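Below is one structure, written out as structure tokens, with a few remarks after it.
The values are calculated or read from the model by the stated rules, or taken from the named source; none is laboratory data. Since the structure is predicted, the reported quantities are computational estimates derived from the model, not experimental observations. Here the Cβ is made from the backbone with ideal geometry for all residues, glycine too, and neighbour counts use every protein chain on show. Ligands, DNA and RNA are stripped out before the accessible areas are found, and what is left, the full protein with its side chains, is counted by its heavy atoms. Shrake-Rupley method; radii C 1.70, N 1.55, O 1.52, S 1.80 Å.
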Amino acid sequence: MNIPFLDLKSPYIELKDELDAAYRRVMESGWYILGREVQSFETEFAAYCETKYCIGVANGLDALHLIVRAYGIGPGDEVIVPSNTYIATWLAVTHAGATPVPVEPDERTYNLDPARIEQAITPMTKAILVVHLYGQTADMDPINAIAQKYGLKIIEDCAQAHGARYKGRRAGSLGDAAGFSFYPGKNLGAIGDGGAVTTNDNELSERIKVLRNYGSQIKYHNEVVGFNSRLDELQAALLRVKLTKLDECNERRRIVASSYIQDLTTITPLTIPFIPEWAEPVWHLFVVRQDRRDELQKMLAEAGIGTMIHYPIPPHLQPAYSDLGYKRGDFPISEAIHNSVISLPMWPGITEDSIVSVCASLHKVHSA
């Protein structure tokens, strides 16, 4: 048996004719930077996310960083971030010169706990950067209420939540602005790197367009110190094809997740995902918890089943953030999560036989 954690080749094979046509269209156009494909994708993705504006950028980290910087958040400012997240969330704040202030998650959903936010707010706090981890949105209504009370911006990290809904509303439209990643393994993945910002704020949209392009609106006229962070034409064309299939692929992910949940609920050492009534996840990852996680991963590997750990080390314990002075035990909920999570195989094209085999192996391991 050989079941990989993720298969990135099958989506290309499934959409080969359309993706190849998009490739040829760009190559034959002779225009490869900020052309019609990017403009069209921005229009289409904004409509999909139910926002007025979308700005294509080079990657998901740049999307978040440019939002923070475009809001004028920098040295001396603080941004509340989840303690349980990938380090890119924190890096976006750091690259703007501001300080990330971590807050623990709700242990059931793994997302930022609204009940813990207010105690972390200081006069220096300017924004709350919310992550919709594993493809399920955070509980946004109470978070938005806190932001409104203190005059803070809400920035969504939607890198894992393309198409997810909160009380019927799309991720990417639940705050002031949102950053998306189109890294190949994402629900909407490019054939390389890519990212985007979505927002209903016209002024912010225009600032990010300037910042992504060397600080320039007119060639060789540079208004501010900007960056080179542009979604290129080829990736935009390929993403346009994949966007038309995103809802269908997300539904296939839901079917996979439903099968896992139904079969694995009886394995008591496993903690399976919790889904609040207001959430419509898109299952970027299917993450379970097990106290003997490393042993479980090894046994599954011996059975030919690929898994991943998202993520083994929380940001506050990374050497990159040693200057903040955090130590082991400062964020015990996040540390416990990072020490016990394991991601099972998940992609839209995984077969029913493979799902059955993964579940059977998990039952066998836990009955030994």
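Taking Ser340 as the residue in question, decide whether it is more than 17 Å from Leu6 (Cβ to Cβ), touching a strand residue (DSSP E or B) at 6+ places or on another chain (Cβ under 6 Å) and touching a residue at least 40 places away in the same chain (Cβ under 8 Å).
Working: more than 17 Å from Leu6 (Cβ to Cβ): yes; touching a strand residue (DSSP E or B) at 6+ places or on another chain (Cβ under 6 Å): yes; touching a residue at least 40 places away in the same chain (Cβ under 8 Å): yes.
Here the answer is yes, as Ser340 does meet what is asked.
Could you say whether any residue in the stretch 345-354 is under 23 Å from Ile87 (Cα atoms) and touching a Leu at 6+ places or on another chain (Cβ under 9 Å)?
First, pick out the residues of the stretch 345-354 that are under 23 Å from Ile87 (Cα atoms): 345-346.
From what's left, touching a Leu at 6+ places or on another chain (Cβ under 9 Å): 345-346.
Yes: the stretch 345-354 contains one or more residues that are under 23 Å from Ile87 (Cα atoms) and touching a Leu at 6+ places or on another chain (Cβ under 9 Å).
To keep it simple, each residue is scored yes or no on (1) part of a helix (DSSP H, G or I); (2) open to solvent by 10 Å² or more (accessible area, probe 1.4 Å); (3) under 22 Å from Met124 (Cα atoms); (4) small (Gly, Ala, Ser).
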residue: Val26; (1), (2), (3), (4): yes, no, no, no
residue: Ser40; (1), (2), (3), (4): yes, yes, no, yes
residue: Glu44; (1), (2), (3), (4): yes, yes, no, no
residue: Gly72; (1), (2), (3), (4): no, yes, yes, yes
residue: Ala92; (1), (2), (3), (4): yes, no, yes, yes
residue: Pro100; (1), (2), (3), (4): no, no, yes, no
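Working only within the stretch 341-354, note down all residues that are of a type in the set (A, V, I, L, M, F, W, C) and more than 24 Å from the chain's Cα centre (by Cα). Spell out how you get there, then give the answer.
Taking the stretch 341-354 and keeping what is of a type in the set (A, V, I, L, M, F, W, C), we get 341-342, 344, 346-347, 350.
Of everything in the stretch 341-354, nothing turns out to be of a type in the set (A, V, I, L, M, F, W, C) and more than 24 Å from the chain's Cα centre (by Cα).
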Please list, ordered by residue number, the strands (runs of 3 or more DSSP E) wholly in the stretch 140-259 having 1 or more residues that are small (Gly, Ala, Ser), under 20 Å from Val57 (Cα atoms) and over 19 Å from the mean Cα position of the chain (by Cα).
216-218
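Across the stretch 113-124, what is the total count of residues that are in contact with a helix residue (DSSP H, G or I) (Cβ under 7 Å, 6 or more places away or on another chain) and either aliphatic (A, V, I, L, M) or open to solvent by less than 40 Å² (accessible area, probe 1.4 Å) (or both)? Let's see the steps before the verdict.
Initially, the stretch 113-124 is screened for residues in contact with a helix residue (DSSP H, G or I) (Cβ under 7 Å, 6 or more places away or on another chain), giving 114, 117-118, 121.
Right, trim to either aliphatic (A, V, I, L, M) or open to solvent by less than 40 Å² (accessible area, probe 1.4 Å) (or both) and you get 114, 117, 121.
Within the stretch 113-124, residues that are in contact with a helix residue (DSSP H, G or I) (Cβ under 7 Å, 6 or more places away or on another chain) and either aliphatic (A, V, I, L, M) or open to solvent by less than 40 Å² (accessible area, probe 1.4 Å) (or both) number 3.
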Residues that are part of a helix (DSSP H, G or I), in contact (Cβ under 8 Å) with a residue 60 or more places away in the chain and more than 22 Å from the chain's Cα centre (by Cα): does the stretch 74-90 have at least one?
no
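Name the single residue that is least open to solvent (accessible area, probe 1.4 Å) among those in the stretch 318-334 being of a type in the set (S, T, N, Q) and in contact (Cβ under 8 Å) with a residue 24 or more places away in the chain.
Residues of the stretch 318-334 of a type in the set (S, T, N, Q): 318, 322, 334.
Now drop any that are not in contact (Cβ under 8 Å) with a residue 24 or more places away in the chain, which leaves 318, 334.
Numbers: Gln318: 50, Ser334: 0 Å².
For the stretch 318-334, the residue satisfying everything is Ser334.
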Considering only the stretch 317-332, how many residues are under 22 Å from the mean Cα position of the chain (by Cα) and assigned to a loop (DSSP other than H, G, I, E, B)?
2
Please find, within the stretch 336-368, the residue that is modelled with the lowest pLDDT out of those that are surrounded by fewer than 17 Cβ atoms within 10 Å (Cβ to Cβ) and more than 17 Å from Ile261 (Cβ to Cβ).
Ala368
Among the residues of the stretch 346-355, count how many are more than 20 Å from Lys245 (Cβ to Cβ) and without any contact (Cβ under 8 Å) to a residue 24 or more places away in the chain.
1
Say whether the condition of being touching a Phe, Trp or Tyr at 6+ places or on another chain (Cβ under 8 Å), over 30 Å from Arg212 (Cα atoms) and either surrounded by fewer than 17 Cβ atoms within 10 Å (Cβ to Cβ) or without any contact (Cβ under 8 Å) to a residue 60 or more places away in the chain (or both) is met by at least one residue in the stretch 233-253.
no
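Identify, from the list Gly172, Gly185, Gly179, Gly135, the residue that is more than 17 Å from Leu64 (Cβ to Cβ), touching a residue at least 40 places away in the same chain (Cβ under 8 Å) and open to solvent by less than 10 Å² (accessible area, probe 1.4 Å).
Working: Gly172 fails: more than 17 Å from Leu64 (Cβ to Cβ); Gly185 fails: open to solvent by less than 10 Å² (accessible area, probe 1.4 Å); Gly179 fails: more than 17 Å from Leu64 (Cβ to Cβ).
Every option except Gly135 fails the conditions.
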By residue number, the members of the stretch 272-307 that are part of a helix (DSSP H, G or I), open to solvent by less than 40 Å² (accessible area, probe 1.4 Å) and under 25 Å from Gln136 (Cα atoms) are Arg293, Leu296
